[in-house]
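Report on the following structure.
The values are calculated or read from the model by the stated rules, or taken from the named source; none is laboratory data. Treat the numbers as computed from the prediction; the structure is a model and nothing was measured. Note: ideal-geometry Cβ built from the backbone for every residue, glycine included; neighbour counts use all protein chains shown. What goes into the accessible areas is simple: the full protein's heavy atoms, side chains included, and nothing from ligands, DNA or RNA. Shrake-Rupley method; radii C 1.70, N 1.55, O 1.52, S 1.80 Å.
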2 protein chains.
Amino acid sequence: MNQNYEELMSKIEKAQAFQEALSLFEWDNQTLAPKMAMDNTAKTIGLLSNEFFSVMVNDRVKELIYLLSEEKEAETLTFNQKAIVKQLKKTFDQLEKIPPAEYQAYSELTAKANSIWAKAKEEKNFDAYKDTLGEIISYQKKFASYRQTGDQKLYDILLDDFEEGFTMEMLDQFFDKMKTAIIPLVKKISEKQDFIKRDFLNQSFSVEQQKKFSKEVAAYVGFDFDKGVIAESAHPFTLNLHNKDVRITTHYLEQNLESAIFSTIHECGHGIYEMNIADELTQTPVGGGTSMGVHESQSRFFENVIGRSEAFWVPLYEKLQAAFPGQLDAVSREDFVAAMNYSKPGLIRTEADELTYSLHVLIRYEIEKMIFADQVTVEELPALWNQKYQEYLGLTPSHDGEGVLQDIHWAGGSFGYFPSYALGSAIAAQIYDYMKSKIDVEDCLVKGNLKPIEAFLKEHIHQYGATKNTKELLLAMSGEAFNSDYYIAYLTDKYTKLYQL
Amino acid sequence: MNQNYEELMSKIEKAQAFQEALSLFEWDNQTLAPKMAMDNTAKTIGLLSNEFFSVMVNDRVKELIYLLSEEKEAETLTFNQKAIVKQLKKTFDQLEKIPPAEYQAYSELTAKANSIWAKAKEEKNFDAYKDTLGEIISYQKKFASYRQTGDQKLYDILLDDFEEGFTMEMLDQFFDKMKTAIIPLVKKISEKQDFIKRDFLNQSFSVEQQKKFSKEVAAYVGFDFDKGVIAESAHPFTLNLHNKDVRITTHYLEQNLESAIFSTIHECGHGIYEMNIADELTQTPVGGGTSMGVHESQSRFFENVIGRSEAFWVPLYEKLQAAFPGQLDAVSREDFVAAMNYSKPGLIRTEADELTYSLHVLIRYEIEKMIFADQVTVEELPALWNQKYQEYLGLTPSHDGEGVLQDIHWAGGSFGYFPSYALGSAIAAQIYDYMKSKIDVEDCLVKGNLKPIEAFLKEHIHQYGATKNTKELLLAMSGEAFNSDYYIAYLTDKYTKLYQL
């Protein structure tokens, strides 16, 4: 056993423990904590973040990380150990340049920002949030600038944090392709607008029954309730403490049956990924999913690729009908599935259909690029937001609650995150294409046996945690790096058939 | 500002943050965490406990605490600062003698013990728990022995942790008085057994309605939902992160209406205490309730002294009837209140009536004394338990699930805690006696205005947190130290009237 590595790990496991505590506070804050708790709790979160920082960022840790990164030392490490050192070096380099006091102040700020955002959204009042958002942006710019080298762009630094190796140059190309392919499709579909029946969704669906059915579907797709829980929050999310404590949230709206079901399946995709990470990796720096893009590929694969397919509902649709007696009797399975894939431009990203979703992401990507190029002020964000929605989706929000305030991400300081949603869909399509060459996915779904699908994902993606990055996972799986053509083909094929274009 | 004090506080606030994180893990573990999570999470809890330990127990902290405890330095401190130093000295002296590795191992053990106990209780299988319990007892004996001075008894050390200044000698006297007064009362009542109607309780009461009504009652007695939450757990408890994040749990049993209502009121008593602690004390070492006994005095005051009184139900009983349409129409308020005070020996402490409750505590007190005097082995506990239940309550458990496995406390290492329950009842009666000389309690209850009652408790008890101990609080309130005669008189009077003895 390498003694330097052992010494480094004894320090890092403390940092992991602080991180896990911070994750639990985050979970609690978003699902349960009382309204007035945050001022006091933020102090504690700030202190814990500071401790995390002190353990991670100091001369001895730096020395050990750099020593173990040298070729000669690295030779003595296993594959997983090397991946851990690499990941630590990345985290260290990110943190090292941030002064501890700034890091603590920033942690306290984002801890409070969540409830300030939630209140502002509820009250449709951007003014109540804009100073907080401005502060967060300033910190993000400052933190990125500390890491800037040469003529590197600030936003490229943030993009790389979420998806190693991806830059604005690559994403501009990716989104250009999307625009070229999707905008004409959306246009063609809008000309056939009345094709799909959705009237039956305009009913009240018992929240109690939605809860029951969502839980059933979660278990059905493979979410293991011995290792996970479901709770509720305004904005569904997944958070894990380790591979045997994986938490997802969903939300139940009496007037929107679709939302709870597909939010749940979506978060299950994230959750199953985390549950399947190898035991020897969990609670280490490479113990989580490898990137936001790959994470989203899993959630979108479950939600859209299989969850919205005809085959998926063969064993489930009668159960759904039974869960809401009398309410879906007159709706055939085919009509239900078609309705679940109905496409129409809307204002809310999280409620967007699979086809127009990427346009929502595109808008955020373009706005974030402008923020970090100092081309827009915080005050100008609502107007810019509305202008872009008009341009790409032909709609203008009637208030900021359904406009610039709709997403939680910026309140948590997550800039550079949104593009991962579109990348995730593209990665999902690429994985799906390869999966179909190995197993009969449709047959699995029709027979209600999702085990081979989960086993495939575990084998090629999940088990590795963050020991391999996106590119390495895809190459190891099929011999091909990221290729967005699969996604274009998938969407074109799916929507051409559905709308008989 | 005293610089030594400032330096000490900068260290202590870290310890507070770790403690708060540990509290959140405990809450989560008991209310939500998935079944398989604990092995991994225990590692994290162990590491955090260890960090707490390192921050609290080191030469510089010792030096500062002892320096600030000296008269000359203490003179420069405020009343609250002096109380903080005193409290720190107590905690320090408790921890200093425990080797860090043992402390961490013990923390991991108790983190796991909760689920082992819960499973054993569910399966009525003491064998599955006894090794864990044995280990916990060994640690507790060892830890107490590290602090032993002269011919001090181990159990006295534990008692003092929960109730400063209380010893076996005092408690033996207290329980002897109880026995002398209560056993004859219980006997007299048993001769009038059919006096009180309880048949109406043998119905199913909708859990959903119980939840709704319990929440209403919680708000009614003063639990502030902006600063607190209610969740569910097998064994109701209260836990607070600070004075604006106070959490209580309760449980709902379809066949037992009484249980949810009075468990909720009980925990509200604990919760309101914590919510009323002064802002300048919260998140400091004296930011919680002063002792288990005083804490229990508040919960029992709310649950029994007022909650089970006739006056309390005047404004509430019609609401209860309305919550369960048709189910309580034929039951008068007088009959309902009498039923809530019905007294009969039973096997389960948490379901015991106000009168026989102290006998359950007595049994645990006697058993704990024997454990720490090495007069009983872990293997012998079930038989000893059953024998004592037969002796004092005339009943023998049919299995260990309703016997020695019924309480969670020992799984958390809480030995010396149980006597606080009986002391709490006695303190509640003493406070009540004085309160009645200052405000018209019955009138407040009848009018549905509990504010003067809460204000009284805040003024004399709550606000001080742990800056004053039990004795100091009672003396400052009424000029009299702890006196159990009020309790004897209260019980005798209440049950003599109720049962027309």
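Residues that are buried (at least 16 other Cβ atoms within 10 Å of the Cβ) and of a type in the set (A, V, I, L, M, F, W, C) within segment A:312-325 comprise A:PHE312, A:TRP313, A:VAL314, A:LEU316, A:LEU320, A:ALA323, A:PHE324, listed in sequence order.
Could you tell me which of the residues A:ASP329, A:ASP353 is buried (at least 18 other Cβ atoms within 10 Å of the Cβ), more than 20 Å from A:THR238 (Cα to Cα) and among the charged types (D, E, K, R)?
From the options A:ASP329, A:ASP353, the qualifying one is A:ASP353.
Looking across segment A:482-501, not a single residue is within 21 Å of the chain's Cα centre (by Cα) and free of Cβ contacts under 8 Å to residues at least 40 places away in the same chain. If you go through segment A:49-59 and keep only what is charged (D, E, K, R) and surrounded by 15 or more Cβ atoms within 10 Å (Cβ to Cβ), you end up with just A:GLU51. Return yes when B:SER291 is within 18 Å of B:GLY465 (Cα to Cα), crowded, with 17+ Cβ neighbours inside 10 Å and out of contact with any Cys (no Cβ under 8 Å at 6 or more places or on another chain) and no when it is not. For B:SER291, the condition - within 18 Å of B:GLY465 (Cα to Cα), crowded, with 17+ Cβ neighbours inside 10 Å and out of contact with any Cys (no Cβ under 8 Å at 6 or more places or on another chain) - is met. Filter segment B:60-113 down to the residues that are in contact with a Gly (Cβ under 7 Å, 6 or more places away or on another chain) and open to solvent by 20 Å² or more (accessible area, probe 1.4 Å) and list them by number. Those that are in contact with a Gly (Cβ under 7 Å, 6 or more places away or on another chain) and open to solvent by 20 Å² or more (accessible area, probe 1.4 Å): B:GLN104, B:GLU108, B:THR110.
Listed here are the residues, each with its yes/no results for (1) farther than 25 Å from A:ALA33 by Cβ; (2) open to solvent by 20 Å² or more (accessible area, probe 1.4 Å); (3) outside the structural domain of B:ASP493 (by TED's automatic domain parsing); (4) free of Cβ contacts under 8 Å to residues at least 12 places away in the same chain.
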residue: B:LYS187; (1), (2), (3), (4): yes, yes, no, yes
residue: B:ILE196; (1), (2), (3), (4): yes, no, no, no
residue: B:PHE200; (1), (2), (3), (4): yes, yes, no, no
residue: B:THR250; (1), (2), (3), (4): no, no, no, no
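Criterion first (modelled with pLDDT of 95 or more, within 25 Å of B:ILE306 (Cβ to Cβ), of a type in the set (A, V, I, L, M, F, W, C) and crowded, with 19+ Cβ neighbours inside 10 Å) does B:LEU457 satisfy it? Taking the combined requirement at face value, the residue satisfies it. In segment A:57-74 there is no residue that is at the interface with chain B (Cβ under 9 Å from one of its Cβ atoms) and either free of Cβ contacts under 8 Å to residues at least 40 places away in the same chain or of a type in the set (Asp, Glu) (or both).
Based on this model, can you work out whether B:ASP279 counts as within 12 Å of another protein chain (Cβ to nearest Cβ), in contact (Cβ under 8 Å) with a residue 40 or more places away in the chain and assigned to a loop (DSSP other than H, G, I, E, B)? So B:ASP279 does not fit the description; no.
Cβ-Cβ distances below 8 Å connect no pair with a first residue in segment B:158-180 that is in contact (Cβ under 8 Å) with a residue 60 or more places away in the chain and of a type in the set (Val, Ile, Thr), a second residue that is open to solvent by 50 Å² or more (accessible area, probe 1.4 Å) and in a helix (DSSP H, G or I), and a separation of six or more residues or different chains.
Between B:GLY326, B:GLY346, B:GLY293, B:GLY288, the distinction of being assigned to a loop (DSSP other than H, G, I, E, B) and under 30 Å from B:ALA15 (Cα atoms) belongs to B:GLY288 only.
In segment B:13-44, the qualifying residues are those that are at the interface with another protein chain (Cβ under 7 Å from one of its Cβ atoms) and of a type in the set (A, V, I, L, M, F, W, C), and the one that is most open to solvent (accessible area, probe 1.4 Å) is B:MET36. Look at A:LYS119 and say whether it is touching a helix residue (DSSP H, G or I) at 6+ places or on another chain (Cβ under 9 Å), more than 30 Å from A:ILE427 (Cβ to Cβ) and free of Cβ contacts under 8 Å to residues at least 12 places away in the same chain. Yes, satisfied.
Listed here are the residues, each with its yes/no results for (1) in contact with a Phe, Trp or Tyr (Cβ under 9 Å, 6 or more places away or on another chain); (2) surrounded by 24 or more Cβ atoms within 10 Å (Cβ to Cβ); (3) modelled with pLDDT under 95; (4) of a type in the set (Asp, Glu).
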{"site": "A:GLU216", "(1), (2), (3), (4)": "no, no, no, yes"}
{"site": "A:ALA231", "(1), (2), (3), (4)": "yes, no, no, no"}
{"site": "A:PRO236", "(1), (2), (3), (4)": "no, no, yes, no"}
{"site": "A:LEU241", "(1), (2), (3), (4)": "yes, yes, no, no"}
{"site": "A:LYS244", "(1), (2), (3), (4)": "no, yes, no, no"}
{"site": "A:GLU267", "(1), (2), (3), (4)": "yes, yes, no, yes"}
{"site": "A:ILE272", "(1), (2), (3), (4)": "yes, yes, no, no"}
{"site": "A:HIS295", "(1), (2), (3), (4)": "yes, no, no, no"}
{"site": "A:SER299", "(1), (2), (3), (4)": "yes, yes, no, no"}
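The single condition among (1) open to solvent by less than 10 Å² (accessible area, probe 1.4 Å); (2) more than 22 Å from A:GLU208 (Cα to Cα) that A:LEU347 does not meet is (1). For segment B:420-441, the set of residues classified as open to solvent by 10 Å² or more (accessible area, probe 1.4 Å), in a helix (DSSP H, G or I) and without any contact (Cβ under 8 Å) to a residue 60 or more places away in the chain consists of B:ASP433, B:TYR434, B:LYS436, B:SER437, B:LYS438, listed by residue number. For A:THR377, the conditions (1) assigned to a helix (DSSP H, G or I); (2) open to solvent by 40 Å² or more (accessible area, probe 1.4 Å); (3) more than 19 Å from A:ILE348 (Cα to Cα) all hold with the exception of (1).
Among residues of segment A:126-147 that are under 16 Å from A:ASP374 (Cβ atoms) and open to solvent by 20 Å² or more (accessible area, probe 1.4 Å), those with a beta-carbon under 6 Å from a residue that is in a helix (DSSP H, G or I) and hydroxyl-bearing (Ser, Thr, Tyr) at least six positions away or on a different chain give the pairs A:TYR139/A:TYR106.
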